[in-house]
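Step one of this worksheet: look at the structure below.
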Ligand SMILES: Cc1cc2nc3c(=O)[nH]c(=O)nc-3n(C[C@H](O)[C@H](O)[C@H](O)COP(=O)(O)OP(=O)(O)OC[C@H]3O[C@@H](n4cnc5c(N)ncnc54)[C@H](O)[C@@H]3O)c2cc1C
């Protein structure tokens, strides 16, 4: 089947980036066709930690109504030897833990309410045609004037428009996680009513384990970069044992873990070309310190949607016009991730010795653990976190950063 009707905008992927773009574009009158291979609600492999700045994009009230949501109250960092534990409860807003089943379904429904039309199909290819873009699925082809690629890190579509690919295993994150329903009372008992962003350092070179307790679901995961993580299944089962011992949990029924890859580098420098914009994981928009990507996907999706509206209204979908999209996300978070997230990661993840030292240092210095809490929960930018840490850290810690 060929659908010759020329849509204004096709968006591939209805995760945070795609749904956010679809909502803005449809709200502003564009004729939007939104593809996802999955039926919604669907689960996406994720820790489900939403950084504090997510409420710049999504109203806090809406997030707080989601069934699995729980507020984040601060940070707990455990050193590689587990000898040092640095904990900090921070007043005010620090973000949330929420299942992606609920969060993404909320975003998807908002896009449809705005008027985007959903097509549940896997997009196989996309290419230029005279007056726009042709997108192909197993059973049909669809045409549009503009395309937003937002279908995650595994997407093959960027390569079809000559965008670069991440191939170095040092920059590809590999993780295994499970999210399991557990009664709220049990989670309160083990993790406290005030939930913390809990991170176990030193499980693998360049990686960590995390425990995020939502309202009534527990998300446990391990990850590192593909280059250094050799047996992720073993790493995960060792980590579950460690978590049980650490919290004194006798029985823990967890769902089967699933693996996933994600970009652990810097965002693409140029996420646009003629008639095409790339957003979210498909454009590697991930914080290399924390692995957080939802906030950046939402922001990029919003800018891609806004730029699409302007391009259609001015009848200009040239690369030159779409470069506005790049300027917007770069200014909002791109420069910050490019310049400061990787150095922060190096600062902490270089070796187990450094991680041990970092937790010891944070435990002994309230201002330091506060800064780390604010950096990791995305309450402040990476730049601010980096500068504050450099100012505060003892000389012995700073020396190691540059050696
Ligand atoms: C284990 C793990 C833990 C993480 N934890 C966190 C965390 O705690 N906090 C955080 O902020 N980030 C976390 N991230 C990163 C976060 O999941 C991503 O950055 C975020 O999901 C990116 O959103 P997106 O919209 O770009 O892509 P996605 O959320 O991946 O959405 C892409 C969508 O495209 C669809 N799709 C894929 N291919 C096609 C196709 N060919 N045709 C049609 N549809 C298609 C998919 O079904 C999906 O719905 C984690 C990642 C992993 C792997």
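The values are calculated or read from the model by the stated rules, or taken from the named source; none is laboratory data. A quick note: this is a predicted structure, and the numbers were derived from the prediction, not measured. Glycine gets a Cβ as well: all are built from the backbone with ideal geometry, and neighbour counts include every protein chain shown.
Just one of the listed residues (107, 157, 174) is assigned by TED's automatic domain parsing to the domain that holds residue 212, within 11 Å of the ligand (Cβ to nearest atom) and surrounded by 22 or more Cβ atoms within 10 Å (Cβ to Cβ), and it is 174.
On the basis of being buried (at least 21 other Cβ atoms within 10 Å of the Cβ), within 12 Å of the ligand (Cβ to nearest atom) and assigned to a loop (DSSP other than H, G, I, E, B), does residue 219 make the cut? In short, no.
Scanning the range 354-369 for residues that are modelled with pLDDT of 90 or more and either in contact with a helix residue (DSSP H, G or I) (Cβ under 9 Å, 6 or more places away or on another chain) or crowded, with 19+ Cβ neighbours inside 10 Å (or both) gives 355, 357, 358, 359, 361, 362, 363, 365, 367, 368, 369.
Residue count for the range 202-216, restricted to those that are within 16 Å of the ligand (Cβ to nearest atom) and at pLDDT below 95: 5.
So residue 146 passes all but one of these: (1) within 16 Å of the ligand (Cβ to nearest atom); (2) surrounded by 19 or more Cβ atoms within 10 Å (Cβ to Cβ); (3) outside the structural domain of residue 75 (by TED's automatic domain parsing). Which condition number does it fail? Here residue 146 meets the rest and fails (1). Summed over the range 75-104, residues that are in a strand (DSSP E or B) and away from the ligand (no atom under 16 Å from the Cβ) total 6. Filtered by the rule that a residue be buried (at least 20 other Cβ atoms within 10 Å of the Cβ) and free of Cβ contacts under 8 Å to residues at least 60 places away in the same chain, the range 244-284 gives a lone residue, 272. Comparison of 291, 301, 334 shows that the only residue that is surrounded by 18 or more Cβ atoms within 10 Å (Cβ to Cβ), more than 13 Å from the chain's Cα centre (by Cα) and touching a residue at least 40 places away in the same chain (Cβ under 8 Å) is 334.
In the range 46-74, the residue that is nearest to the ligand (Cβ to nearest atom) out of those that are outside any loop (DSSP other than H, G, I, E, B) and touching a strand residue (DSSP E or B) at 6+ places or on another chain (Cβ under 7 Å) is 49.
Of the residues 192, 152, the single one that is modelled with pLDDT of 95 or more, on the phi > 0 side of the Ramachandran plot and not assigned by TED's automatic domain parsing to the domain that holds residue 326 is 192. Answer with yes or no whether residue 29 is near the ligand (Cβ under 8 Å from one of its atoms) and not assigned by TED's automatic domain parsing to the domain that holds residue 376. No: the conditions fail for residue 29.
You will find that of 251, 256, 266, 244, the residue that is away from the ligand (no atom under 11 Å from the Cβ), within 22 Å of residue 173 (Cα to Cα) and out of contact with any helix residue (DSSP H, G or I) (no Cβ under 7 Å at 6 or more places or on another chain) is 256 and no other. If you go through the range 274-298 and keep only what is assigned to a helix (DSSP H, G or I) and either farther than 19 Å from residue 146 by Cβ or not assigned by TED's automatic domain parsing to the domain that holds residue 105 (or both), you end up with 281, 294, 295, 296, 298.
If the condition is being in contact with a helix residue (DSSP H, G or I) (Cβ under 8 Å, 6 or more places away or on another chain) and either within 12 Å of the ligand (Cβ to nearest atom) or in a helix (DSSP H, G or I) (or both), then the range 114-128 contributes 114, 118, 123, 125, 126. The selection criterion, being within 14 Å of the ligand (Cβ to nearest atom) and either closer than 22 Å to residue 305 by Cα or in contact with a helix residue (DSSP H, G or I) (Cβ under 9 Å, 6 or more places away or on another chain) (or both), does not hold for residue 131.
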